[in-house]
Structures are given as structure tokens and as C-alpha cells.
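J.: Before anything else, here's the structure in question.
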Amino acid sequence: MAPTSTAGEGPDSTRRVPDERVPFEDVLKGCQHSAVHLEMRDAYTPVDPWYQAWLTGDTEEFERRLTRPWLDLIREVTAKGVQVRRARIVSEPVSDYIRFEHATTASNVAAGEQVRWLPRRNASELCLPGNDFWVFDGEWVQFNHFTGDGAVAGPENRGDTAVVELCAAAFDAVWERAIPHEEYRLK
């Protein structure tokens with residue numbers, strides 16, 4: 001991974017981060033210890049064929065897509081000891097898209113990803129960044145930007161110590177309050 005900046009010292013330093021053009025699969029495979037992901041939107045990529053199959057009741061297509069490359073990637077990364085955790089902050093009653101995500105999450109968990117859900121009203125006291133993000137090995141952040149209708153607008157990689165610490169603390173605060181996937185019931 002080609003760095004865009006180098007590691008520094010102190011609270012205003014910038015850590016080494018890969019270029020946004022590095023494929024996400026390579027980023028995740030490069031993790032040594034942990035990858036944490038905070039999702040805060042109630043809808044993503046509304047034209048996604050998998051979501052559309054679920055929405056229209058196309059069970060065959062929905063189930064065919066349950067064996068997706070993401071699961072192989074999670075198995076590979078967690079097999080080498082990397083802890084992959086995802087926390088989702090969701091409005092209740094949940095949107096159709098969150099129902100879809102919930103329906104697909106058991107396969108993520110079976111592959112080794114840990115997933116928790118936090119009802120949005122239980123997040124009101126938390127200071128949270130304005131965008132979904134990943135924190136890799138506690139060293140750098142990838143913000144995920146989306147358009148208003150949920151289409152992907154691209155990543156932004158940051159290594160600023162203060163930003164990394166903010167995101168790591170936000171994730172930990174959400175994770176502590178969130179409900180494990182196996183226990184969370186949709187409302």
C-alpha cells in the first residue's frame with residue numbers, strides 16, 4: 001500500500017495511510033490486529049440487486065447472493081487473528097434496508113465478523129463523527145461517504161492522530177452500548 005503521508009509524533013501528528021485507490025480487500029488483508037466499522041445510515045445503495053431481490057421477495061436470488069466474496073474475505077482475515085467488528089446505529093422502527101441487513105448478518109457472524117446493533121435513541125449522548133468509518137489496527141481511518149439517497153460517494157483515508165482517536169473512542173462507546181446480533185430484535 002502506497003502511503004500518502006508519514007507517521008509523526010504528538011496529538012497533531014499524521015499516521016501512515018494508504019491511498020484511497022488501494023482496493024478495500026487489500027486494506028483489510030493488510031490488517032494485523034483489528035478492523036472496526038461503524039455504520040450510521042438507515043439506507044445504503046438502494047439500487048443494489050441483492051437488496052432489490054430481497055425487497056421483491058426473490059428468495060432464490062437473495063439466497064444465491066448469501067455466499068458472497070465478503071464472507072471469504074472475513075474468513076481469511078479472522079483466521080489470521082484479526083478481530084473484525086461492526087456496529088450499526090439504527091432508527092426504530094427500522095427501515096426496509098435495515099431489515100435487509102439484519103436478514104444477511106447471520107452469514108457475516110458465521111464467517112467470523114462480530115456485529116452489534118444500537119437503537120439510535122440510545123446513541124443520543126454519544127459524540128459521533130459525521131460519516132460511517134472503518135478504523136484499521138487503531139492506526140488510521142477510512143471514512144465512507146454516501147450521497148443523500150445512499151449511493152457510494154467514495155472513501156477518504158485519514159491518519160491524523162486526533163481523528164483516529166475520535167473514531168476509535170466513538171466506536172468503543174457504541175460497541176459498549178450495542179446489542180449483539182443474536183440478541184437484537186427488529187422493531
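J.: Quick one: what pairs do we get from segment 13-26, first residue in a loop (DSSP other than H, G, I, E, B), second modelled with pLDDT of 90 or more and of a type in the set (Asp, Glu), C-beta under 9 Å, 6+ apart or different chains?
T.: 13/160; 15/139; 15/160; 16/139; 20/156
J.: Next up: Scan 132, 172, 137, 149 and give me the residue that is over 15 Å from the mean Cα position of the chain (by Cα) and either loosely packed, with under 12 Cβ neighbours inside 10 Å or not hydrophobic (A, V, I, L, M, F, W, C) (or both).
T.: On the way: 132 fails: over 15 Å from the mean Cα position of the chain (by Cα); 172 fails: over 15 Å from the mean Cα position of the chain (by Cα); 137 fails: over 15 Å from the mean Cα position of the chain (by Cα).
Answer to the check: 149.
J.: Of the conditions (1) farther than 26 Å from residue 67 by Cβ; (2) not in a helix (DSSP H, G or I), residue 144 clears all except one; give me its number.
T.: Condition not satisfied by residue 144: (1).
J.: Hey, another quick one. So the check is Cβ under 9 Å with 6+ separation or different chains; which pairs have a first residue in segment 118-133 that's without any contact (Cβ under 8 Å) to a residue 24 or more places away in the chain and farther than 16 Å from residue 42 by Cα and a second one that's surrounded by fewer than 16 Cβ atoms within 10 Å (Cβ to Cβ) and of a type in the set (Val, Ile, Thr)?
T.: Short answer, once both residue conditions are applied: none.
J.: Among the numbered conditions (1) farther than 26 Å from residue 100 by Cα; (2) in a strand (DSSP E or B); (3) not acidic (Asp, Glu), tell me where residue 166 comes up short.
T.: Condition not satisfied by residue 166: (2).
J.: Select from segment 46-65 the residues that are exposed (fewer than 15 other Cβ atoms within 10 Å of the Cβ) and under 18 Å from the mean Cα position of the chain (by Cα) and list them in ascending order.
T.: Hit for segment 46-65 is 46, nothing else.
J.: Let me ask something additional. Restricting to segment 89-98, and then to whatever is touching a residue at least 60 places away in the same chain (Cβ under 8 Å) and touching a helix residue (DSSP H, G or I) at 6+ places or on another chain (Cβ under 8 Å), can you tell me which residue is surrounded by the fewest Cβ atoms within 10 Å (Cβ to Cβ)?
T.: The selected residue is 92.
J.: Here's another thing I want to ask about it. Looking at 178, 110, which is the one that is in contact with a strand residue (DSSP E or B) (Cβ under 8 Å, 6 or more places away or on another chain) and at pLDDT 95 or above?
T.: Working: 110 fails: in contact with a strand residue (DSSP E or B) (Cβ under 8 Å, 6 or more places away or on another chain).
When all the criteria are applied, what remains is 178.
The values are calculated or read from the model by the stated rules, or taken from the named source; none is laboratory data. Everything numeric here is computed off the predicted structure, so don't read it as measured data. Neighbour counts are summed over all protein chains in view; Cβ atoms, including those assigned to glycine, are modelled from backbone coordinates with ideal geometry.
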